[in-house]
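Below: the structure, in structure tokens.
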Amino acid sequence: MSKILTVDNINVYYGQIHAIKDVSVDVEEGEVVALIGANGAGKSTTLRTISGLLRTKTGGITFEGEDITHIDAYKLVSRGLAHVPEGRRVFLQMTVLENLEMGAFTRKGDIKASINDVFERFPRLEERKYQIAGTLSGGEQQMLAMGRALMSKPKLMMLDEPSMGLSPILVQQVFDIVTELNKSGTTILLVEQNAEMALKIADRAYVLESGRIKISGTGKELAASDEIKKAYLGG
Amino acid sequence: MTFISNLINGISLGSVYAIIALGYTMVYGIAKMLNFAHGDVIMIGAYMSFCATTYLHLPVPAAIFMAMCVCTILGIVIEGLAYKPLRRATSLAVLITAIGVSYFLQNIALIIWGSAPKTFSSVVPFGSLRLFGGELIITAESIVTVLANIVIMVGLAIFTKKSKMGKAMRAVSEDKDAAELMGINVNVTISVTFAIGSALAAIAGVLLCSAYPVLMPTTGAMPGIKAFTAAVFGGIGSIPGAMLGGILLGIIEIFSKSYISTQLSDAIVFGVLIVVLLVKPTGLLGKKIAEKV
């Protein structure tokens with residue numbers, strides 16, 4: 001296995017606020033890696049920095065062996081990095097189909113096959129392909145956000161709180177999909193507040209607290225750790 | 001007959017407002033800023049067309065094309081130099097900058113062309129249409145303006161619905177970060193929007209001055225404000241809203257001029273705007289889509 005993503009000692013600021021402190025994260029090809037932690041711990045900020053929406057003051061980020069620390073976000077998509085942002089952020093006034101087309105924005109040539117792949121994975125989306133995304137339910141919007149990210153044929157998919165605001169059945173479904181995506185060859189970096197579910201599917205995980213990495217280990221180790229149980233798994 | 005003739009004049013004036021309002025509404029939709037220099041780009045476009053026909057003796061289509069090219073470049077340069085550095089600044093800073101650019105353009109025009117009004121000769125080579133034995137006169141400028149408006153609206157509707165750049169513009173106007181994560185170059189998309197809006201401003205300038213042939217450095221200011229009003233009236237950010245707002249505004253203005261009072265017409269126009277915004281703060285076609293969670 002080779003490293004697909006290396007985050008080396010980044011420090012990110014929002015104005016005066018030091019949001020991310022000396023964070024380092026590694027992701028190997030084929031893994032599911034989870035970043036867990038409480039609200040405001042800096043999980044989303046870490047993802048936003050990796051995808052180029054925010055900048056780090058120190059350290060660097062390497063994707064597939066290339067330094068991407070100072071590369072604009074829009075240039076990373078064609079390199080195989082997809083980011084499903086927090087709150088899904090689908091284009092609410094565009095149709096399901098148009099949202100998928102936007103996902104394939106940087107691709108040249110025919111995207112029909114990819115659209116069919118997405119519809120095969122998410123049959124609900126096909127039923128609603130001409131509907132405006134704003135009329136979809138939360139679960140459907142999450143499917144659309146993931147489908148849209150798949151359209152760029154990513155090597156690494158970063159998912160930010162995919163289970164947020166969904167019913168327990170849908171949460172299970174989303175995690176099943178993430179596992180399936182990983183099995184079909186996509187490396188996953190997952191940010192979750194739902195630590196229990198995330199640790200179940202993660203090969204490895206990092207726990208963020210107030211902008212710092214507190215502990216890291218395999219999903220099993222962390223799920224079994226008393227400290228983690230107490231802080232994040234409700235006893 | 002005067003009613004019909006007023007109506008036609010109103011639709012024609014409103015069509016000019018609508019074309020200008022498109023520039024405001026597209027730029028607002030995508031960059032979330034009010035480009036108050038837009039009215040002055042109209043004036044520059046009209047001067048360019050004037051110079052091309054008067055001094056360079058170019059044929060009318062070439063003159064209009066030249067005006068569009070100059071305005072397109074001007075729009076991109078204004079955006080790049082004045083607004084792009086302020087992308088993360090407060091909206092008040094951007095607004096003040098836009099007003100500054102507006103005065104800058106007016107003063108440049110004052111230096112180059114002086115304050116004396118130029119007489120703009122109409123770009124429309126046909127005469128007026130006389131109907132009902134001369135009782136109803138429709139000027140050729142009105143017909144051309146309304147047709148131009150329809151062509152532009154249909155063209156833009158197709159562009160934003162079908163083309164890749166058009167879809168990217170809609171994506172950026174909805175959510176810049178999400179658009180960026182799709183691989184869309186947001187800066188380029190904003191520049192293209194300014195380019196399109198400014199090219200349309202050139203057309204509007206030529207049409208406006210063909211109907212009202214006095215050209216001065218302040219020529220663009222008032223129509224610019226009115227078109228901005230039209231954009232808000234129709235629902236800022238909405239392309240059909242700009243069309244509807246523009247035409248309604250033109251009709252209201254001409255009717256108040258001919259039936260109520262010429263002096264009061266502007267007050268009436270803005271009065272109607274206030275009433276509409278009190279009843280429907282998002283404008284006639286402005287809508288907020290309900291978000292389901």
Within segment A:21-52, can you find the residues that are hydrophobic (A, V, I, L, M, F, W, C) and either part of a helix (DSSP H, G or I) or closer than 14 Å to A:VAL207 by Cβ (or both)? A:VAL23, A:VAL25, A:VAL33, A:ALA34, A:LEU35, A:ILE36, A:ALA38, A:ALA41, A:LEU47, A:ILE50
Tell me, yes or no, whether segment A:94-109 has at least one residue that is among the hydroxyl-bearing types (Ser, Thr, Tyr), within 19 Å of B:LYS167 (Cα to Cα) and in contact (Cβ under 8 Å) with a residue 24 or more places away in the chain. yes
State which residue is farthest from A:ASN9 (Cα to Cα) when the search covers only segment A:80-93 and only residues that are open to solvent by 50 Å² or more (accessible area, probe 1.4 Å) and either within 18 Å of the chain's Cα centre (by Cα) or free of Cβ contacts under 8 Å to residues at least 24 places away in the same chain (or both). A:ARG89
Can we say A:VAL77 is assigned to a helix (DSSP H, G or I) and either in contact (Cβ under 8 Å) with a residue 40 or more places away in the chain or over 16 Å from A:PRO154 (Cα atoms) (or both)? yes
I'm told A:ASP26 meets every condition in (1) within 17 Å of B:LYS176 (Cβ to Cβ); (2) within 17 Å of the chain's Cα centre (by Cα) except one. Can you identify the failing condition by its number? (1)
Given (1) part of a helix (DSSP H, G or I); (2) farther than 28 Å from A:HIS18 by Cβ; (3) more than 12 Å from chain B (Cβ to nearest Cβ), index of the condition A:GLY134 fails: (3)
Selection within segment B:198-216 - closer than 11 Å to B:PHE50 by Cα, crowded, with 24+ Cβ neighbours inside 10 Å and not aliphatic (A, V, I, L, M): B:GLY205, B:CYS209
B:LEU147 - would you say it is open to solvent by less than 20 Å² (accessible area, probe 1.4 Å) and among the hydrophobic types (A, V, I, L, M, F, W, C)? no
Segment A:51-66, subset within 11 Å of A:ASP8 (Cα to Cα) and open to solvent by 10 Å² or more (accessible area, probe 1.4 Å), residue nearest to the other protein chains (Cβ to nearest Cβ): A:THR56
Determine whether segment A:113-127 contains at least one residue that is within 13 Å of chain B (Cβ to nearest Cβ), at pLDDT below 95 and either crowded, with 18+ Cβ neighbours inside 10 Å or out of contact with any strand residue (DSSP E or B) (no Cβ under 7 Å at 6 or more places or on another chain) (or both). no
The helices (runs of 4 or more DSSP H) lying wholly within segment B:170-278 that contain at least 1 residues that are under 17 Å from the mean Cα position of the chain (by Cα) and of a type in the set (Asp, Glu) are B:239-255
Are there any strands (runs of 3 or more DSSP E) wholly within segment A:138-235 with 1 or more residues that are touching a strand residue (DSSP E or B) at 6+ places or on another chain (Cβ under 7 Å) and open to solvent by less than 10 Å² (accessible area, probe 1.4 Å), and if so which? A:156-160, A:187-192, A:204-209
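The values are calculated or read from the model by the stated rules, or taken from the named source; none is laboratory data. Here the structure is a predicted model, which is why all the values come from computation and not from measurement. Here the Cβ is made from the backbone with ideal geometry for all residues, glycine too, and neighbour counts use every protein chain on show. Just so you know, the surface numbers come from the protein's heavy atoms only, side chains and all, with ligands and any DNA or RNA stripped out. Shrake-Rupley method; radii C 1.70, N 1.55, O 1.52, S 1.80 Å.
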